[in-house]
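The values are calculated or read from the model by the stated rules, or taken from the named source; none is laboratory data. The shown structure was predicted, so the numbers you read here are calculated from the model rather than taken from an experiment. Here the Cβ is made from the backbone with ideal geometry for all residues, glycine too, and neighbour counts use every protein chain on show. What goes into the accessible areas is simple: the full protein's heavy atoms, side chains included, and nothing from ligands, DNA or RNA. Shrake-Rupley method; radii C 1.70, N 1.55, O 1.52, S 1.80 Å.
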Amino acid sequence: SRSLSKMAHTQVSSNKCAGGFQKVFEHESTELKCKMKFAVYLPPKAETDKCPVMYWLSGLTCTEQNFITKAGSQVAAAEHGIIIVAPDTSPRGCNIEGEDESWDFGTGAGFYVDATQDPWKTNYRMYSYITEELPKLINANFPTDPDKMSISGHSMGGHGALICALKNPGKYKAVSAFAPICNPVQCPWGQKAFSGYLGPDRTAWEAYDATVLASAYSGPPLDILIDQGRDDQFLSASQLLPDNLIAVCSEKRIPVVFRLQPGYDHSFFFIYSFLSDHVKHHAKFLNA
């Protein structure tokens, strides 16, 4: 039977939006051993029916707030009857030495991995939090259809969305990403984070690299949608490396729609511009 104490969560805020409600909750995470916030958008449909769930994973430095205030996701979610869950990007307030020293490692930069190295391994278990703990909590407490979930994200969160889908064949009905870190073992952000969280052995890194995972993927068909701004400073800095992932996907016949969007940068202005296309992509598979 479900342990109710583990499922306890407290509402922090609730705002009517696009006919439904944008809410934020707080709970004590068993995986992360700290208090965590997460956002839930409940579309109007959720008042009477079970709804599919799209998980949104944010990028470096974000909390649960950035996406719900800047992306304009609620209108599309209301239209398609999809619950959107937006968690935080790392454990918070764990008093780990060095957790707040840099913007691309530690706080706000969990990279959606389960750390194996001290002092991170006790708390920095974002992969298990996103794929196991959070969905259990959401399905126990909200009007969800537990068999219908999908995942999306931006930058570090785009990496997170891709690896969650590729590592769990069939679990997510759809996946999409904005400017994802596609090949972290080959880029400075990924190398810094992975060496810190996972140690020096690069084979451990490959378990969390979308390009490597795609090369070994043998699950049910997965249609991937990726949008990438052509004027993204991190694209030109070789942090994102989408070409590496696309090459592997075409070799493995994994269907990818990759759209290079002229003039767009890495910001939420870019996400806002194309998010409704992504929600529609998810709806096609979630409402099938």
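Calculate what fraction, in whole %, of the accessible area of segment 165-237 sits on carbon and sulfur atoms when a 1.4 Å probe is rolled over the protein chains. Within segment 165-237, the accessible surface is 51 percent carbon and sulfur.
Here the spin labels are modelled as points 7 Å beyond Cα on the Cα-Cβ line, and at A207 and K167 they lie 0.8 nm apart. Taking 0.36 nm per residue of sequence separation and removing the Cα-Cα distance, the E47/K136 pair yields an extension gain of 30.0 nm.
At 0.36 nm per residue, minus the direct Cα-Cα distance, what do T122 and D265 gain on full extension? Give it in nm, one decimal, please. Spell out each step's value before the answer.
Working: separation 143, 0.36 × 143 = 51.48 nm, distance 3.55 nm.
Stretched fully, the T122-D265 segment lengthens by 47.9 nm.
Kirkwood analysis of the chain, using all unique Cα-Cα pairs, places the hydrodynamic radius at 18.8 Å. Summarised as an ellipsoid, segment 9-103 has semi-axes of 27, 14, 10 Å, derived from the eigenvalues of the Cα gyration tensor scaled by 5 and square-rooted, with the largest first.
What does the highest-first list of 214-220, 64-70 look like by mean Cβ count within 10 Å? Working shown, then result.
Values: 214-220: 14.3, 64-70: 19.0.
Those peptides, ordered most packed to least, come out 64-70, 214-220.
Quick one: accessible area per residue over the chain, 1.4 Å probe, rounded to a whole number of Å²? Mind dumping the intermediate values first?
Numbers: 11810 Å² over 288 residues.
For the chain, the solvent-accessible area averages 41 Å² per residue.
For segment 197-240, the equivalent ellipsoid derived from the alpha-carbon gyration tensor has semi-axes of 23, 20, 6 Å in decreasing order.
Of the peptides 269-275, 10-16, the ranking by mean beta-carbon count within 10 Å, highest at the top, reads 269-275, 10-16.
Take the Cα pairs of segment 160-288, get the Kirkwood Rh, then feed it into Stokes-Einstein at 4 °C and 1.567 mPa s and tell me D in µm²/s.
Details: Rh = 15.1 Å.
It diffuses with D of about 86 µm²/s by this estimate.
The ellipsoid that matches the Cα gyration tensor of segment 64-143 has semi-axes, each √(5λ) in whole angstrom, of 28, 16, 9, with the longest given first.
At 1.4 Å probe size, with the rest of the protein present, what percent of the exposed accessible area of segment 83-150 is carbon and sulfur atoms?
On the way: 1060 of 2460 Å².
Result for segment 83-150: 43 percent of the exposed heavy-atom area is carbon or sulfur.
Note the full-extension length gain between V12 and D145 as 0.36 nm times their separation in residues minus their Cα-Cα distance, in nm to one decimal. If you can, show how the numbers build up before the last one.
Numbers: separation 133, 0.36 × 133 = 47.88 nm, distance 2.41 nm.
Result for the pair: 45.5 nm of gain on full extension.
Computed from Cα atoms alone, the Kirkwood hydrodynamic radius reported for segment 116-176 is 12.6 Å.
Could you work out the Kirkwood radius for segment 95-247, taking every pair of different alpha carbons, averaging 1/r and inverting it, reported in Å?
On the way: mean 1/r = 0.0626 Å⁻¹.
Answer for segment 95-247: a Kirkwood hydrodynamic radius of 16.0 Å.
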